[in-house]
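Visitor: To start, I am sharing the structure in question, which I have written as structure tokens.
The values are calculated or read from the model by the stated rules, or taken from the named source; none is laboratory data. These numbers were taken from a predicted model, which means no experiment stands behind them. Cβ coordinates were reconstructed from backbone atoms using ideal geometry, including for glycine residues, and neighbour counts include every protein chain displayed.
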Amino acid sequence: MKVIIKPIISEKSTDQQDKLNRFGFVVDKKAKKLQIKDAVEELYNVKVAAVNTMVYSGKEKTRYTKSGLLVGRTNAYKKALVTLVDGDTIDFYSNI
């Protein structure tokens, strides 16, 4: 099972990275907190202090177009906020 799907890079998450040493990831819906902690520690060689998770349900979206009303849903996903020990950090931009 691939636990970590992708990191979340947004204005809010980069602000939390600077102030709280907290990093966001989109993770597999079935992943537990201990699995997320082990995956982050193995992948980035850091020490994790805490893991907070939240599940987002998909929302229904409608859009009016020339051809009529289009109805769809956004994807549901699970987000994990990982707080690292002081002194550790993750650099997402090092491989660019």
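Visitor: Scan the range 1-9 and give yes if some residue there is out of contact with any Ser or Thr (no Cβ under 9 Å at 6 or more places or on another chain), closer than 15 Å to ILE90 by Cβ and not aliphatic (A, V, I, L, M), otherwise no.
Guide: Step one: list which residues in the range 1-9 are out of contact with any Ser or Thr (no Cβ under 9 Å at 6 or more places or on another chain), which gives 1-6, 8-9.
Still in the running and closer than 15 Å to ILE90 by Cβ: 4, 6, 8-9.
Subset that is not aliphatic (A, V, I, L, M): 6.
Checked the range 1-9: at least one residue is out of contact with any Ser or Thr (no Cβ under 9 Å at 6 or more places or on another chain), closer than 15 Å to ILE90 by Cβ and not aliphatic (A, V, I, L, M).
A quick yes/no check of all residues on (1) aromatic (Phe, Trp, Tyr); (2) at pLDDT 95 or above:
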site: PHE23; (1), (2): yes, yes
site: ALA39; (1), (2): no, yes
site: THR53; (1), (2): no, yes
site: SER67; (1), (2): no, no
site: ARG73; (1), (2): no, yes
site: LEU81; (1), (2): no, yes
site: ASP86; (1), (2): no, no
site: ILE90; (1), (2): no, no
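Visitor: Take SER13 and decide whether it is loosely packed, with under 10 Cβ neighbours inside 10 Å and either among the aliphatic types (A, V, I, L, M) or not in a strand (DSSP E or B) (or both).
Guide: Numbers: loosely packed, with under 10 Cβ neighbours inside 10 Å: no; either among the aliphatic types (A, V, I, L, M) or not in a strand (DSSP E or B) (or both): yes.
The answer is no for SER13.
Visitor: Pull up the range 45-85, narrow it to residues that are of a type in the set (D, E, K, R) and over 16 Å from the mean Cα position of the chain (by Cα), then point me to the one that is farthest from VAL27 (Cα to Cα).
Guide: First, pick out the residues of the range 45-85 that are of a type in the set (D, E, K, R): 47, 59-61, 63, 66, 73, 78-79.
Pick out the ones that are also over 16 Å from the mean Cα position of the chain (by Cα) and you get 47, 59-61, 63, 66, 73.
Details: LYS47: 18, LYS59: 19, GLU60: 22, LYS61: 23, ARG63: 29, LYS66: 37, ARG73: 20 Å.
Of everything passing the filter in the range 45-85, LYS66 is farthest from VAL27 (Cα to Cα).
Visitor: Can you pull out the strands (runs of 3 or more DSSP E) entirely within the range 33-96 that have at least 1 residues that are over 23 Å from LYS19 (Cβ atoms) and in contact (Cβ under 8 Å) with a residue 40 or more places away in the chain? Write out each step before concluding.
Guide: Numbers: elements: 48-56, 60-65, 68-73, 77-84.
Here the list reads 77-84.
Visitor: Would you mind finding the one in TYR56, TYR44 that is of a type outside the set (Lys, Arg) and surrounded by fewer than 16 Cβ atoms within 10 Å (Cβ to Cβ)?
Guide: Numbers: TYR44 fails: surrounded by fewer than 16 Cβ atoms within 10 Å (Cβ to Cβ).
Of TYR56, TYR44, the one residue that is of a type outside the set (Lys, Arg) and surrounded by fewer than 16 Cβ atoms within 10 Å (Cβ to Cβ) is TYR56.
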